[in-house]
Amino acid sequence: MLQDMVLAAVTKVQTACQGKGIIVSCDNLAEKFLKQRLFGDCIRLQKILSDFLFASVKFCPVGGSVAISS
């Protein structure tokens, strides 16, 4: 499910953010969105999302935040 992929990617990125004081959140994701099924390589899709989040964190100022929303 999409929910598992998003939460795994966010968890992976959050550990890297602790040193910069950056908060990564996905609180505003709609329940309907999270229950969607994805067809594809789950590992690759998670890697793409993680790479996107890491790039967002890289250019985020210290103490900033990155939010995922639907």
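For LEU45 and LYS20, FRET efficiency with R0 = 25 Å and r from the beta-carbon atoms, rounded to 0.05?
0.45
In whole percent, and with a 1.4 Å probe on the protein chains, what portion of the accessible area of the chain is carbon and sulfur?
That fraction is 59 percent.
Hey, what do the phi angles of region 55-69 turn into as Karplus ³J(HN,Hα) couplings, whole Hz, using 6.51/-1.76/1.60 and θ = phi - 60°, x for Gly and Pro?
Taking θ as phi minus 60°, the curve returns 5, 5, 5, 4, 9, 8, x, 4, x, x, 8, 10, 10, 9, 9 Hz for region 55-69.
Of the listed values [x] 1.10; [y] 1.27; [z] 1.18, identify the label whose number matches Cα Rg over 2.2 N^0.38 Å calculated from this model.
[x]
Can you list residues from other chains, or at least 5 along the same chain, whose modelled amide H is less than 5 Å from the amide H of SER25?
Those lying under 5 Å, H to H, from SER25 are VAL66, ALA67, ILE68.
Note the angle between two axes, namely the Cα long axis of helix 2-17 and the longest principal axis of the Cα atoms of the chain, as a number of degrees from 0 to 90, rounded to the nearest 10.
Tilt of helix 2-17: around 10 degrees.
The values are calculated or read from the model by the stated rules, or taken from the named source; none is laboratory data. This one's a predicted model, so the numbers in the text were calculated from it and none came from an experiment. Neighbour counts run over all protein chains shown; Cβ positions are idealised from the backbone, glycine included. Heads up: the accessible areas ignore ligands, DNA and RNA and are worked out on the full protein's heavy atoms, side chains in. Shrake-Rupley method; radii C 1.70, N 1.55, O 1.52, S 1.80 Å.
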